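Contents: one structure, followed by commentary.
The values are calculated or read from the model by the stated rules, or taken from the named source; none is laboratory data. Owing to the predicted nature of the structure, the values given are computational and were not obtained by experimental measurement. All Cβ positions, even for glycine, are placed from backbone atoms using ideal geometry, and neighbour counts span all protein chains on display.
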């Protein structure tokens, strides 16, 4: 895998953080289980992005994502394309969150665990995209505003996670697994897309001025 595979994970936040229960997990088991489910989730996401409508997920978020969109622009797609893709993404998220509720994290990192269980309002935006006449209407909708607000909140969660991780490490929780803070940071970056969240989430899926009626 390369880092490029993970650049878009801001959209799907907690989709991959799911697993079956089975008693108290060790720190090692916890990380291994999340990583395994993440690998499955990213494969499903990449299949979705590769679909005819899937590129709208990339171009709608902006150039900060680091993907090669081959010159595609938001106006090359329609809100209906976004509707089709987000409906599938919402199904993935729903299934993952249902399974995620069964995770019983080690007590030492329960606070960290709660931070990255976040879901974007994808289903609501998908439904609205299915009725919008154009990108301008969708961009000004209540559902798009809620989505952008959730993206902005993830910026705060990323900062909170790092502060909580540092405090947890300071208590000596990772004394026997010194590699774990770095590994947890990687996983959360994959899940929330901390390194690639847009500086201005209000620009997500916003059409250029020339498309405004």
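A few notes on this one:
- Only a single item in (1) outside any loop (DSSP other than H, G, I, E, B); (2) within 17 Å of residue 86 (Cβ to Cβ); (3) within 16 Å of the chain's Cα centre (by Cα) is not met by residue 137, and it is number (3).
- Total residues in the stretch 148-173 satisfying the condition of being touching a helix residue (DSSP H, G or I) at 6+ places or on another chain (Cβ under 7 Å) and without any contact (Cβ under 8 Å) to a residue 60 or more places away in the chain: the figure is 9.
- Test: residue in the stretch 195-210 that is in contact with a helix residue (DSSP H, G or I) (Cβ under 8 Å, 6 or more places away or on another chain), on the phi > 0 side of the Ramachandran plot and at pLDDT 85 or above: yes
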